[in-house]
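Where a number appears in this text, it was derived from the coordinates with a stated rule and is not lab data. As the structure is a computational prediction, the values presented were derived from the model and not from experiment. Neighbour counts are summed over all protein chains in view; Cβ atoms, including those assigned to glycine, are modelled from backbone coordinates with ideal geometry.
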Amino acid sequence: MPSTTRKLWVACVCVALLAGCASQAGTVSPRQSASPVANVPQIEEGLARLYVFNISGRTLIPSNQDIIDNGKPLASLPRLTYTIAPIPPGMHDLRLHGRNLVLNAEGGKRYFVVAGYRPERSWAFPLAGDPVVIKQITEDEARPLLQELTAQ
């Protein structure tokens, strides 16, 4: 066997061995369930369920969006993620970067809120609108977000 062919053969064998060592046979990569609602955590009776979606677009310096509820931290979400938080019935003053949303929650109900930074509405162009958004949405509007975003 010529030296070049031998080197090529040895290199192929080494790559195959390394690939075999890197993955374990018989393991399956984890996948999300078909329905994100199936993974919903149990929440005590009498509490409301608040879905908070971080819809922030791509930025040069990615950072979490910190949602405050009545002066206390509720969630710190990376871009394109969501969380489900139990909240007591009553008034909730949700805040994000100085913007607020008042939510009157009833026990046993679900509420959906989107929050985030929209870079297409740059600080340099105020006529395009506020780049920070926090608003309540309907369940129909939330369904695609449950499929697209990652649960925290």
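Could you give me the ³J(HN,Hα) list for region 135-152, computed from phi with Karplus coefficients 6.51, -1.76, 1.60 and θ = phi - 60°, whole Hz, x at Gly and Pro?
Per-residue couplings from phi come out as 8, 7, 10, 7, 5, 4, 6, 7, 3, x, 5, 4, 7, 8, 8, 9, 6, 9 Hz.
Long-range amide H contacts for Ala75: which residues qualify at under 5 Å (H placed 1.01 Å from N, peptide plane, sequence gap of 5 or more or a different chain)?
Hits under the 5 Å cutoff: Ile67.
Quick one: which of 90-97, 55-62, 141-148 comes out on top by average Cβ neighbours within 10 Å, and what's the full order, highest first?
With the highest mean Cβ count within 10 Å placed first, the list reads 90-97, 141-148, 55-62.
Counting other C-beta atoms within 10 Å, which of Tyr82, Tyr51 has the fewest, and how do the rest follow?
Tyr51, Tyr82
Give me a comma-separated list of calculated 3J(HN,Hα) values for region 98-104, in order, Karplus coefficients 6.51, -1.76, 1.60 applied at θ = phi - 60°, integers in Hz, x for any Gly or Pro.
Each residue's phi maps through the Karplus curve to give x, 9, 9, 9, 9, 10, 9 Hz.
Mind putting a number on the dipole of region 41-106 about its Cα centre? Charges go on the C-beta only, +1 for Lys and Arg and -1 for Asp and Glu, and I need it in Debye to the nearest 20.
Here region 41-106 has a charge dipole of around 400 debye.
Taking the Cα centre of region 45-151 as origin and charging only Cβ (+1 Lys, Arg; -1 Asp, Glu), how large is the dipole, in debye to the nearest 20?
With only Lys, Arg, Asp and Glu charged at Cβ, the dipole is about 220 debye.
Which far-off residues, 5 or more places away or on another chain, put their amide H under 5 Å from the one on Thr150, with H placed in the peptide plane?
Thr81, Tyr82
Return P(r) of region 45-151 (all Cα-Cα pairs; 5 Å bins starting at 0; whole %; ordered from short to long distances).
2, 13, 22, 25, 20, 11, 4, 2, 0, 0
Tabulate in residue order the Karplus-calculated ³J(HN,Hα) for region 58-70, using 6.51 cos²θ - 1.76 cosθ + 1.60 with θ = phi - 60°, rounded to whole Hz; enter x for Gly and Pro.
Listing the rounded values in order: 5, 9, 5, 10, x, 8, 5, 9, 9, 9, 10, 10, 6 Hz.
Considering the dipole of region 45-151 built from charges on the beta carbon (Lys and Arg +1, Asp and Glu -1) around the Cα centre, which of Tyr82, Gln65, Leu103 is farthest to its positive end?
Gln65
Give me, ordered by chain and number, the residues 5 or more places off Ser56 or on other chains with an amide H under 5 Å from its own placed amide H.
Those lying under 5 Å, H to H, from Ser56 are Leu80, Tyr117.
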